[in-house]
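Some notes on the structure that comes next.
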C-alpha cells in the first residue's frame, strides 16, 4: 500500500496527549484546546499523572492505562522523560507519534544522544515519529489541529511541509488574515525518523485517490509549499518531487545561500558548481519552483491555491492608472511572460466599451474615473480572446473608484472564464474592503503589481516545465534522443582507472582520492570515443622536432603530473609554438620548471607535446559528485573564460539529448556556437554526443568524483578534448 | 535668489480655485473641500460664473473680479477654456498656477496644440505652471492640500515628485495607513513649463535655509522620492540631483526598462550601452538610489524618512525564530551588508541575558518564548557595540510573544542609541497592534525580513556613496588623480576629423553623420598619445612581405572602409599570419572580398597590414553620446567576448583617475588583469591613462558621437589600440 502509511497523522480516530496541562500557558494545554476548538471528531485521551481532569476530560496517570490504543500520540513533556513514554506507547501499540518537546539534537551533545535513543526506540516498535522539536501537524481534512500554534480553520487545497515552526506560525497568521485555507500542514522539526521524503511520498501515494474539496474557486491541483533548511536525501527528494510536480506545483523556500561550502575543489567544475547552484539545478530538474524569500513563499501559496497556472505566457494588464501599468509592464518580460497582442475583435469591443482617451492596447488603461462596469467590459473582452491566458488587474484608489464592486465583477468573470486573474488593488485603508471581497472569492490580491506578476511568472514557469517534460517524452518516443551514443569500451576505462589507483603518487586527501593524470584521462576519453589531439610524452628536444615533423605545427608543450592540477598557474602550458626556436625555448623552460617543482614540491612531472587545435571555441565540460544530489554535469565557456564568464549550466545526471540541448542552449557561450557575427555555425551535434558519452561514462563508473574536459575545443570539423582531469575515490 | 521661485506653490497666502463646483463628485469641489479640511490658513477665493456660493464661500464670476491678486491659482475646468482663463490670471498678476485639467498633450494632436498655447501664454505673463493633467500639490508646511486626492495630514521630512497622479494616490493611501508624513508632494503631470529639474532646484536652494520639523523620531535628512516616466533634461537632472544627494537621499522609480531603444547602433559601445544601462550609470553618478518597483519605492520612503542611513555595513539580526533569521541572513550579503561580528563584551552580555539554547552569535536567536524584556536585553547589548551600525529585529507571533510591548521597547532603544532599527514583525492580524506602535514611534516595519534588509541595503548604498565622494575629493586634493594625462594634440585631431567629414563616402544616415575609417582613428589615437601597433595600407603581396621584413610576424590583414563597421561578420580580418604562405592566402581572400563588396555594396575597401599584438588581454573602451545624459564611457572585456561577456561598465564623462579605477574594478575582465591564476598582473595604470585621454578627447570634440577602441590590448609591456571606430556628427 503506502511506503510509510502516515494516514493516522492526518485522519486519526483517536488522539492521546501526553503532558496535557491545566496551565493555560503550557504547550500541553494549548494542544488540547486546539483539538477541542477544531471540533476533532474522534476520541481524545489525556495523560498526566498529577491531575485528575482537564477541561472536563479525565486524565490518565499512564499511557498503559488508556482504555484504547490511540491512533496518534502527541508528546509534550520534557525531553528527559520522552524515551520512557515512548516505550509505553510502543508496548500499547500506537504507531504514530508527534513529539513537540524540544531539548534534542538542536540543543547539543546530550540532546543528540537522547534523539538517537528515541530513533532506536521508535524502530523497536515500528513507530513513526514526527519531530521532535516541532510545532505539530494540522489536517483540515481530519478536523485536527495537533499543534500549539494558533491556526484558523479554512479548507483548502494547499499542503505544507515546514522544518521551522516559526515559519509555520507566521504563515498561519498570514493565511488567517487572507482567508487562505489548506488541507495538511506538517512541521518536521528535527526529522528524527519521518523526513520530507516520507511525507512527500505519502502525499504522492495518497494523491492517486484524489478526493479533496470541490470548491470551484480553488485551482484544480493541490500545490505543496515546502520550507526546508536541510535536505538529507537529495536524490530521494528530487525523485519524489519530480513525480508530484507533474500534476501538483511544488514551491520551496530553502535558505542558506550564503553558506556555500568553502572547500577548495580540484577542478573548475568542482568550484564553479557550488552547493547552491547544484540545488538550483536539482530543483529545476524536479520542476520545483524556488522562492527567493518569505514574501515569494507566501505570495505563491495564495496564487497557486486560488488560480490555475496559465496555459500560455500571454498576459493582459488592465489598470485605471498609467503609472502603475508602466511599472507592471517592466516586470512582465523579466518574469518570462509577454504582453498578449490583442486581435481586432477584442480591440473593437474595447473601443466600444471604453471612453476616448483610454488606451485599448495592452496594457489597457481604463482611466482614473473607471467604475466597476468599465473594468467588467475590458476584462470580459480580453479574457474572451483565446490566446490571452491571464489578466493582471490593477486598481488605484481614485475619487470615483468602486473598489468593492470591481472586486465583485472580477470574481464573476473569474468563474466565467476560468483563466487566472491576479489583482493588484494598491494602497492602504481605501482598498481593505475590496481586498476582503477578493479574498472571499479566492482571487489573489497583491499590494504591488510587481508581486502579482512575479507570482504569475512562477506559475507559468511551472506550466512550461510540464509542457517541456511532455515534449521530451514525445521526442524520446519518436527516437530522436541519444541516437548517436556509441558504446563505451568499459574494460579499457576500468584498466585505466586501476592504473591510476595503483600509482601511489596520485593519492590526495588522506589517500582516499586519487588523481588521474592527463595520459590516463586521454585514454579514458579515447575509450569513450571522445577524441584527443595527437600527443606524446617527450624526453628531449629531438622528440619534439620528430613530433612536429609528423603532425605539423603549431604545437603545445605542457607539464603533466597528478599533482599539477592547475597548470596555468605554474606557467606549465606553452601554446602557439610554430618554429624550432620557439619550441626549444619553451621546452627548456618546462624542463627547468620540472626540476624546480621536483625540488620544492617533491613530485615528478613529465613533458607532453600536443598538436594545437586552432580556430575553435573553447568549452568546459565537467561532472562532479554532489553530496546530496549525486553526479551533476556542468557545461559552459571554457579556457581562461571559464572563470570570468561565470557560464555555469548544471544538470543532474543522466544527460540525454534533450538535456544536452537545453544545457547548451542556456549557456552564454551558445551565441558563439551558432553563426555568431557572420561566422558559420559550429557542428554542435558533436558536442551533444560528447556530453552524452561523458554522462554514460560516469553512470557506469560512479567512483569518478570529478571529471572535466577543459578546454574542450569545438572546431568546424571536429571536437577535441584538449586537457582532462579526473578524481577517483575509493568505493 | 531662486532659479525659479516656486515658494508660492508651497506656502501661498491666498489660493483661487477656478472651476469650484457644488457637485460633490467634481474635481473642482473636492479641491475646495481638501483646502478647507486641511485648515488652509490663507484666503480662499472661488471662481465660477454659474453659482453664487459654495460651502459658504462667495463665487466670483471672473478671475478679474477677485478683490486681491491670489498667490496661487488652481485651474479645474475643461481644457478648452483654460487659455482664456490663463490670460485673465496673467493680467491679474498671479504667477503660480496649477492646472489639474486633462485634455492636453496626453490626449492627442488637438491637446498638443492647446498645451503649446498654454505654454506660450504662461511665458507671456511669466507664469509658472504645474501640470496640466496632474493631481496638484500638497504642502504640509503650508497647510495646503491643493489636490483632488485624499491625503492624510501628517508632518514629515519626505518630499515627493511624481509624474503620475495615480502613483501619488496610491502612495497617499499607503502613507495614511502607516502614519507616514511628508512635507511636499508635487505631481508634475505633463510638465508644461515646470519640470522635475525646476522643482529639485527649488528644493535644493530652499534647503540651504534648512528649517523643518524637529521630530526626534525622523531621520535628520530630507529624503526625496521621485516617480518619473520621462526625463527631459538628463544632464540638468543629474547635476542638481548630485548636489542634493550629498545631503539628502534621493530614491527614484523610473519604469520603462522594457522599452529600450531598438535602433541599431554602429559600435559595440552604442549597442551595449543601452538606454536603461545609461540611466543606471547616470543615477549612480548622481548618487540616486534606483527602485526596482513600487514596493521598493514605498518601502524606501518609510525607511529613509524614519531612520538614519547606517554609518557602516555591519548589521545584527535579532529574531525569536531560527527559520526567518536564516532566510534574512541570505539577503544580508546580497544587499551589500554583512553580519557584524560581536565582540567579547557583547557576547558576555548576551550570554548573561539569554537562556541556554539561545544563539548569542549573529544572527541572534532569542528563542520562541522570548518576552519583550529579552528583546530589550539583546538589542541593547548589540547596539552598544560601536561597530554594529544597524539592527534588524524579527518577530514571529508565537504563544508567549509580547508584540505590543516589544514594539515599545524597540522605540525606547531607538531613541537611546540613535542607530537604525528596521523591524520585521511577521504575519497577519496578530501583529497589527504591534505594528501600529512601531508606526507611531516611526520605527519602520516590513512584513517580510528580506524587505527590511533590502531597504537597509539601499540606505547603506547611499551612505557609501557619500563616503566615496569625500574620498574622491580627498584624492584629488592630494594630487593622485589624472597626473599622467599629457596634453592631446588638438590640431592634429581637428585635421583628422575634417578629413573624415570631407570624405563624401563616409557619410551615413542622411549624410548627417560620418564614419571615420581606421586610418583616421589610428591618427586620432596617436594624437592622444594612445599607441597603435605598426600598420600600413598594402596594395600588393610584396608590400606585405616588406612589412613583415621590417616588423616581424605574426601579422594581421584586414579590410578597411567606413562602410565596413563590423569587419568580423564579413570575415574581413585575418589574424595569426606567420609565414609567407599564410599571408599570401589571406591577402588573396581579402582582395577577392574587396572586389566582391565593391560589386555588391558599391564601396571601396583598402587592405591594411598590422603587426599582431600577442599575449595581452583584449578590452573594449568606448564613448557614446546619449540623448538625455550626454557622453558616456563604456569599459569591459573586448574582442569576441564583448558580446557574450556582457561586461558593460558605464560612467558619464568626464572620467578622472578615480572613475577609471572604479570602472575597471567593477568589470568582469578585471580578474584577468590582476595576477589571475598565477599570472603576473598587467600594468593597469596604462589603461587608466588611455581612459582619461579618451575622455579628454571627447570633452574637447563633442561632435564625436561614438568612438571605440576594440580590441584595446593590454600586454605586460604596453597597451595597444588595435582597432578603432568613430562617428562624428555635424555640429
* To do: May I ask you to derive the relative contact order of the stretch A:307-469, considering only C-alpha pairs under 8 Å and at least 6 residues apart, and to give it as an integer percent?
  => 29 percent
* Structure fact -> Over chain A, the sum of -39500 (n - 2.57) across DSSP H runs of at least four, divided by residue number and rounded to 500 deg cm²/dmol, gives at 222 nm -12500 deg cm²/dmol
* Once the Cα atoms of helix A:518-527 and of chain A are each reduced to a long axis, what angle between those two axes, in degrees from 0 to 90 to the nearest 10, is obtained? -> 70 degrees
* Structure fact -> Between residue A:495 and residue B:646, Cβ-based FRET efficiency (R0 45 Å, step 0.05) works out to 0.50
* Based on the mean of other beta carbon atoms within 10 Å per residue, what is the order of B:225-235, B:451-461, A:423-433, most packed first? -> B:451-461, A:423-433, B:225-235
* Could you state the number of Å between the C-alpha centres of the stretch A:607-646 and the stretch A:339-410? -> 52 Å
* What is the distance, in nm, between label points placed 7 Å from the Cα along the Cα-to-Cβ direction at residue A:348 and at residue A:440? -> 3.8 nm
* **Gained length - residue A:338 relative to residue A:584, 0.36 nm times residue gap less alpha-carbon distance** => 82.5 nm
* How would you rank A:557-564, A:710-717, highest first, on the average number of other Cβ atoms within 10 Å across their residues? -> A:557-564, A:710-717
* Structure fact -> Within 10 Å of the Cβ of an average residue in B:161-167, the count of other chain Cβ atoms is 6
* **Peptide ranges B:569-580, A:14-25 listed from the most packed, as the mean C-beta count within 10 angstrom indicates** => A:14-25, B:569-580
* Once label points are set 7 Å from the Cα along Cα→Cβ at both residue A:575 and residue B:380, what is their separation, rounded to one decimal in nm? -> 6.4 nm
* **Calculated log₁₀ intensity ratio I(q)/I(0) where the Debye formula runs over C-alpha points of chain A, q = 0.05, 0.08 Å⁻¹** => -0.35, -0.81
* Relative contact order for chain B using alpha-carbon pairs under 8 Å, separation at least 6, rounded to a whole percent? -> 9 percent
* Asked: Taking other Cβ within 10 Å of each residue's Cβ, how do B:382, A:399 sort, fewest first?
  -> A:399, B:382
* Structure fact -> Rounded to the nearest Å, the spacing of the alpha-carbon centers of the stretch A:655-710 and the stretch A:568-606 is 31 Å
* Put a dot 7 Å past each Cα toward the Cβ at residue B:715 and residue B:685; how far apart are the dots in nm? -> 2.0 nm
* Find every distance from the label point of residue A:683 to the corresponding label point in the other copies (7 Å from Cα along Cα→Cβ) and write them in nm, one decimal, shortest first. => 4.6
* Structure fact -> Here the correct list, in nm and shortest first, of distances from residue A:432 to the same site in the other copies, label points 7 Å along Cα→Cβ, is 0.6
* Asked: Roughly how tilted is helix B:109-125, in degrees to the nearest 10 and between 0 and 90, from the longest Cα axis of chain B?
  -> 70 degrees
* Structure fact -> Sorted shortest first, the nm distances from the residue B:65 label point (7 Å along Cα→Cβ) to its counterparts in the other copies are 9.6
* **Whole-Å distance, taken between Cα centres, linking the stretch B:24-103 and the stretch B:116-155** => 12 Å
* To do: Take peptide A:659-671, look around each residue's Cβ out to 10 angstrom, count Cβ atoms belonging to other protein chains, and average those counts.
  => 1
* To do: Determine, from the Cβ-Cβ distance of residue B:119 and residue B:41 and an R0 of 41 Å, the FRET efficiency 1/(1 + (r/R0)^6), rounded to the nearest 0.05.
  => 0.80
* How much length, in nm to one decimal, is gained on full extension between residue B:415 and residue B:539, taken as 0.36 nm per residue of separation minus their Cα-Cα distance? -> 36.6 nm
* Between residue B:566 and residue B:230, 0.36 nm times their residue separation minus their Cα-Cα distance comes to what? -> 117.7 nm
* In degrees, nearest 10, range 0 to 90: what is the angle between the Cα axis of helix A:580-601 and the longest Cα principal axis of chain A? -> 60 degrees
* Would you please give the FRET efficiency between residue A:91 and residue A:730, computed as 1/(1 + (r/R0)^6) with r the Cβ-Cβ distance and R0 = 60 Å, to the nearest 0.05? => 0.85
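Rule-based calculations on the coordinates, nothing more; no lab input. Owing to the predicted nature of the structure, the values given are computational and were not obtained by experimental measurement. Cβ atoms come from the backbone with ideal geometry, glycine included; neighbour counts cover every protein chain shown.
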